[in-house]
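The values are calculated or read from the model by the stated rules, or taken from the named source; none is laboratory data. Here the structure is a predicted model, which is why all the values come from computation and not from measurement. No Cβ is skipped: glycine too gets one built from the backbone with ideal geometry, and neighbour counts run over all protein chains shown. Protein only, heavy atoms only, side chains kept; ligands, DNA and RNA dropped before computing areas. Shrake-Rupley method; radii C 1.70, N 1.55, O 1.52, S 1.80 Å.
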Amino acid sequence: MRRLSKVKKLLLTPKTSDEVVAEMRTHVRATAKDRPGVYRWLSGDGEVVYVGKSKKLRTRLLSYFRCDSAEKGARIVREATRVEWEYTPSEFAALLEELRLIKRFRPRLNVAMKRDARHFAFIKLTRGPAPKLLVVRGAGGEDAQIYYGPFHGAQRVSEAVRELNDALGLRDCRLDQPMHFADQPELFQIFPRTPGCIRHEIRKCLGPCVGGCTTLEYDERVRLVRSFLDGADDGPMAALRMDMEAASAALEFERAGSLRDKLHRLEDLREQFVRFRFAVETLSFIYTVPGHEGDDRVYLIRRGRVRGEYAMPRTERERIRLLEMVEDVFHPTERDSAQVPSHEVDELLLLSSWFRRFPAELGRSRAAREFVADPPPLEYDPANDPLFGDEAASPAA
């Protein structure tokens, strides 16, 4: 119903008149500056219909008014009655702020970031009395679920998750399936223990829906699954390998071949875990970014997420405070894991994309230990920083 109401609103809302479009263009031309920033196009009722960023904000905004009627830019202008913007110290700061604004307002015309996230598959461990594993494209907003990933190849990941479910007996039935654990005897007065799950009958599911296990037994299997996904337990692969070797010894070569294929799928999943964790751990450093008119910023990045953003210190007190923040962010030990909180997935993908597009930017990074041992001098000037040298200019848009 909500989606239908949005469609109805789009159809009934009149397009912005030429006069209003001309007023917006005049406002941009007269007041916007060519410096990094983020902008929002708003409709007459205050809805944020689109959020964007640019290294040269004025030039970018004026380009919307030159778009052909068939282009998306023209559609954005005709959906809006005003445009607002804020300046940021750098293009990198604008990129982060754009992500935060999109997550906050969920503009209906912002589709690129959603599309980019769906290039990746995630393993989702649901909540509830009997959690199950799902393979999804993109992590779903602020739903407080547990995600592992990102991974390439949703089909291969789905096959590996199926093997995990079979090896450890996790359910794969619908989410709203009622659960009836064996340690809930009062339920059996009204609930008959009859076969209702083929996977339970062939011993590939513990059967939490038909009283086939206790809550504790199922929770223990969930713990094993999480240990495997975190890279701490190879139990599922070891069990498959033993079954494969036993089948081969018994000359059951067809079964051994099937078990070998299952093992390879789990090994492929484990290899992706290793690559992912390496990439995440690589994105752990202090990143210094020259800003507009000397507004230089220090970003504390750990495991692919920005944990703190600070202006370059100008006084000894500010420098001490920054070093304290570095210690707070980087000193605590974090468990090596493929688990990513759902609200941090988009930022992880954004940072990975940024440093992949501009690998030279890693030259502006320093390890936390190195930064603490040799902090930047006060009266900071990027042009005199040997880390920057002639590369002080921001990367091209």
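Provide the solvent-accessible area of T214, counting protein heavy atoms only and rolling a 1.4 Å probe, rounded to the nearest 10 Å².
40 Å²
Amide H to amide H, which residues 5 or more places from R307 or on other chains are under 5 Å from it, using H placed in the peptide plane?
Those lying under 5 Å, H to H, from R307 are L300, I301, R302.
Only four residue types carry charge here, +1 at the Cβ of Lys and Arg and -1 at the Cβ of Asp and Glu. Report the dipole size of the range 213-262 about the Cα centre in Debye, rounded to the nearest 20.
Dipole size: approximately 80 debye.
Hey, if we sort S17, S43 by accessible area with the 1.4 Å probe, largest down, what's the order?
If we order S17, S43 from most to least accessible, we get S17, S43.
Check which residues have an amide H placed less than 5 Å from I146's amide H, if you skip close sequence neighbours.
L125
So how much accessible area does H152 have, in Å² to the nearest 10, using a 1.4 Å probe?
Around 110 Å² of this residue is reachable by solvent.
Compute the projected area of the convex hull of the Cα atoms of the range 55-107, averaged over all viewing directions, and report it in nm² to one decimal place.
4.1 nm²
Taking amide hydrogens as modeled 1.01 Å from N in the peptide plane, which residues meet the under 5 Å criterion relative to R297, leaving out close sequence neighbours?
V289, G291, M312
Using θ = phi - 60° and the Karplus relation 6.51 cos²θ - 1.76 cosθ + 1.60, list the HN-Hα couplings for the range 15-26 in order, rounded to whole Hz, with x at every Gly or Pro.
These are the phi-based 3J(HN,Hα) values: 6, 4, 6, 4, 5, 5, 4, 5, 5, 4, 4, 4 Hz.
Along the charge dipole of the range 16-86, Cβ charges K/R +1 and D/E -1, which of G46, A22, A32 sits furthest on the positive end?
Most positive-ward Cα: A32.
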